[in-house]
Amino acid sequence: MSNNEKNDKKREKMIVPFVNGEKLDLLPRNMDNLDLYYKWINDQKVRIFSRNEIPKTKEDIKKWFEEPSEGEPKKHIGFELWHKEDKRVIGNGGLSRIDYIVRKANIWMVIGEKDYWGKGLATEGVKLILDYAFKELNLNKIYAGVFEPNIASWSCAEKVGFKFEGRLKNFIYVDGKRHDARKYAIFKEDWL
């Protein structure tokens, strides 16, 4: 057995899901996968609807792992999307702009490995994050903004039960054209 195979086996044993799913598990984000995050955030096809217009360095990405000041609540919780069958990280997602007083947050997700697009994995990932948000964090409202040309993302939002709340006209500039942003939300009582 090669050293790479031994390291893969060792890493596999260290996988401890924070949230268990059917095809995916949510794991805490791991600095060991910094190269993957770097690849995804700078890949033109992956980043286009995330609106990462400015290239990110590995140092920029490392800042994601910085903890808030003591006594300050965590406003961002990120997970790795672990594909159970293939035993690999395929993306990340989580909650941002968490407001613990109003009990709301924005949900986000990126399937960075393009060969996993169109397989329903984002739908499962969103459901896992919603369960976590409502059942563990006791949030009341999860919202999402999706750019009009990103049909896969707004179809996913509608499929899991998000309701369309409105449209922001000419909100984004992608590939030389202005596009609207669609705003969605789901409430705890509707999810549960």
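Scoring P149 on the criteria (1) surrounded by fewer than 17 Cβ atoms within 10 Å (Cβ to Cβ); (2) in contact with a Leu (Cβ under 9 Å, 6 or more places away or on another chain) leaves a single failure, condition (2).
Of all residues in segment 11-22, at least one satisfies being assigned to a strand (DSSP E or B) and either within 30 Å of I151 (Cβ to Cβ) or over 18 Å from the mean Cα position of the chain (by Cα) (or both). The number of residues in segment 122-146 that are within 12 Å of F187 (Cα to Cα), out of contact with any strand residue (DSSP E or B) (no Cβ under 7 Å at 6 or more places or on another chain) and crowded, with 17+ Cβ neighbours inside 10 Å comes to 1.
Of all the listed residues (I77, I48, I107, I90), the sole one being modelled with pLDDT of 95 or more and closer than 18 Å to A144 by Cβ is I107. Taken over segment 121-152, the residue count meeting the criterion of being of a type in the set (F, W, Y), farther than 11 Å from W108 by Cβ and modelled with pLDDT of 95 or more is 2. Have a look at V174, V102 and point out the one that is at pLDDT below 95 and not polar (S, T, N, Q). So the residue among V174, V102 that is at pLDDT below 95 and not polar (S, T, N, Q) is V174. For residues in segment 47-94 being part of a strand (DSSP E or B) and among the aliphatic types (A, V, I, L, M), which is nearest to G112 (Cα to Cα)? Step by step, filter segment 47-94, then rank; the result is I90.
This table checks each residue for (1) among the aromatic types (F, W, Y); (2) farther than 15 Å from I41 by Cα.
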| site | (1), (2) |
| --- | --- |
| P55 | no, no |
| E59 | no, no |
| F65 | yes, yes |
| K74 | no, yes |
| I77 | no, yes |
| R88 | no, yes |
| G91 | no, no |
| V102 | no, yes |
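Screening segment 54-76 for residues that are in contact with a Lys or Arg (Cβ under 9 Å, 6 or more places away or on another chain) and not charged (D, E, K, R) and picking the one that is farthest from V174 (Cα to Cα) gives P68. Those strands (runs of 3 or more DSSP E) of segment 124-192 in which 1 or more residues are without any contact (Cβ under 8 Å) to a residue 24 or more places away in the chain and among the acidic types (D, E) occupy 163-174.
The values are calculated or read from the model by the stated rules, or taken from the named source; none is laboratory data. Just so it is clear, the model here is predicted, and its values are computed rather than measured. Neighbour counts are summed over all protein chains in view; Cβ atoms, including those assigned to glycine, are modelled from backbone coordinates with ideal geometry.
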